[in-house]
1. Inside region 17-38, can you point out the residues that are part of a strand (DSSP E or B) and surrounded by fewer than 18 Cβ atoms within 10 Å (Cβ to Cβ)?
2. Check Ala82 against each of (1) within 13 Å of the chain's Cα centre (by Cα); (2) within 20 Å of Asp141 (Cα to Cα); (3) in contact (Cβ under 8 Å) with a residue 60 or more places away in the chain and name the one condition it does not meet.
3. For region 66-138, which fully contained helices (runs of 4 or more DSSP H) count at least 2 residues that are within 16 Å of the ligand (Cβ to nearest atom) and β-branched (Val, Ile, Thr)?
4. Within region 48-57, is even one residue in contact with a Ser or Thr (Cβ under 9 Å, 6 or more places away or on another chain) and of a type in the set (Ser, Thr, Tyr)?
5. Note down all Cβ pairs under 8 Å where the first residue falls in region 42-68 and is under 21 Å from Met113 (Cα atoms), the second is at pLDDT 95 or above and of a type in the set (S, T, N, Q), and they're at least six residues apart or on different chains.
6. Taking only region 39-65 into account, find how many residues are in a loop (DSSP other than H, G, I, E, B) and either over 13 Å from the mean Cα position of the chain (by Cα) or closer than 17 Å to Glu19 by Cβ (or both).
7. In region 76-131, which residues are surrounded by 22 or more Cβ atoms within 10 Å (Cβ to Cβ) and either modelled with pLDDT under 95 or polar (S, T, N, Q) (or both)?
8. Here are some conditions: (1) touching a residue at least 40 places away in the same chain (Cβ under 8 Å); (2) among the polar types (S, T, N, Q); (3) touching an Asp or Glu at 6+ places or on another chain (Cβ under 7 Å). Thr31 meets all but one. Which one does it not meet?
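The values are calculated or read from the model by the stated rules, or taken from the named source; none is laboratory data. Bear in mind the structure is a predicted one, so any value in this text is a computation, not a measurement. No Cβ is skipped: glycine too gets one built from the backbone with ideal geometry, and neighbour counts run over all protein chains shown.
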Amino acid sequence: MSNDTIAIACDHGAFALKEHLKAFVEGKGLTVLDLGVNSTDSVDYPDFGYAMAAALKDGKASRGILLCGSGIGISIAANRHAHVRAALVHDVTCARLSREHNDANVLVFGGRMIGPDLAEECVDTFLTTDFEGGRHQRRVDKLSNPT
Ligand code: RB5
């Protein structure tokens, strides 16, 4: 990764898991850019998906982790930006494939859907798996240029 900073953001539905994963990533010696939230007060997940998109576009982080209750809403929000490839995952295989095939730059969890231990394994895999390129590059390029 060109920039060792990992951005992280969530809505109120995943605050506890966001805090857990923030500490986990910091424990690996990486810098975490915390875009909120910082409590369980109700917020709107698009604001945080868009904040992640802006942080990546501005080069403030190379990759990100997003969370909301299901993971769905914040995935939709982030993926409205062409430079974001946000992958909602529930297992390690999909975390690996999100990197190998999709060059995902954002990993997404549902805070009400996954436990902290499995989420840690997914984060580890996401951070250490390279994009395979080749035939996948052509497909990823098309994602940046929707017709
Ligand atoms: C908030 O209650 C919940 O709707 C949100 O976290 C997320 O699951 C939306 O997709």
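1. Thr31, Leu33, Asp34
2. Result: Ala82 fails condition (1) only.
3. Numbers: elements: 72-78, 92-100, 116-128.
It comes to 72-78.
4. no
5. Gly49/Ser75; Gly64/Asn105; Leu66/Ser75
6. 9
7. Result: Ser98, Asn105.
8. The one condition Thr31 does not meet is (1).
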